Amino acid sequence: MLNFQPVNKNQIQELAQLANIIWHEYWKGKLSDSQIEYMIDKFQSEKAIRNQINNEKYTYYFIIVNGINAGYFGISAKEDYLFLSKLYISKDYRSKGFGTKTFEKIKEIASEQNYTRIELTVNKYNTNTIKTYEKWGFQTVDSVVTDIGSGFVMDDYIMDFLLN
């Protein structure tokens, strides 16, 4: 059974702990340990998530499989598109269709909020995820290198999905 639950302010610490686990398992070998730690602190720590929710129009959701928090996604309301900031699933739940079902939920949210477009950024070397996004109908529209401080950059593609 798959459910999606908006993260409330009392669950931010729980979300940050889940993000910490998933980021370490997912990015290990793709990014340096120091960059993983830096990015978790900057983007997925309790403080960062709280700031995103309070000041950057973010909403986070737990992806719940059979009562277990199997992952999460974060979206942000922009002026003319919904920004899909994060979509992470724990390793034990990957390649089982939960990502696709989660994206169906994200499209539903975008439609309910009257968006016609979903945008995301994805690491250029994250090839399996890029293939998944392309399978879902995303198209690469640009690339960007963003300095995130402490000598680290994010080297990303910008991808768009147009809702029908």
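The values are calculated or read from the model by the stated rules, or taken from the named source; none is laboratory data. Everything numeric in this text was worked out from a predicted model, so none of it was measured. Positions of Cβ are generated from backbone atoms using ideal geometry, with glycine treated the same way; all protein chains shown enter the neighbour counts.
Condition check ((1) part of a strand (DSSP E or B); (2) not charged (D, E, K, R)) across all residues:
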{"site": "3", "(1), (2)": "yes, yes"}
{"site": "13", "(1), (2)": "no, yes"}
{"site": "19", "(1), (2)": "no, yes"}
{"site": "37", "(1), (2)": "no, no"}
{"site": "61", "(1), (2)": "yes, yes"}
{"site": "64", "(1), (2)": "yes, yes"}
*What number of residues within segment 21-31 satisfy the criterion of being surrounded by 13 or more Cβ atoms within 10 Å (Cβ to Cβ) and assigned to a strand (DSSP E or B)?*
1
*Name every residue in segment 106-134 that is within 17 Å of the chain's Cα centre (by Cα), of a type outside the set (Val, Ile, Thr) and surrounded by fewer than 16 Cβ atoms within 10 Å (Cβ to Cβ), in order of residue number.*
108, 117, 123, 124, 125, 128, 131, 134
*Only residues that are within 14 Å of residue 35 (Cβ to Cβ), in contact (Cβ under 8 Å) with a residue 24 or more places away in the chain and either in contact with a Leu (Cβ under 6 Å, 6 or more places away or on another chain) or β-branched (Val, Ile, Thr) (or both): list them for segment 147-164, please.*
148
*With respect to residue 40, is the statement that it is touching a His at 6+ places or on another chain (Cβ under 7 Å) and without any contact (Cβ under 8 Å) to a residue 40 or more places away in the chain true?*
no
*Residue ID - farthest from the chain's Cα centre (by Cα), chosen from residues in segment 60-105 that are polar (S, T, N, Q) and either crowded, with 21+ Cβ neighbours inside 10 Å or under 18 Å from residue 2 (Cβ atoms) (or both)*: 66
*Pairs under 9 Å by beta carbon, first residue among the aromatic types (Phe, Trp, Tyr) in segment 122-138, partner part of a loop (DSSP other than H, G, I, E, B), six or more apart or different chains?*
125/30
*Using the structure shown, decide if residue 153 is at pLDDT 95 or above and either within 14 Å of the chain's Cα centre (by Cα) or surrounded by 11 or more Cβ atoms within 10 Å (Cβ to Cβ) (or both).*
no
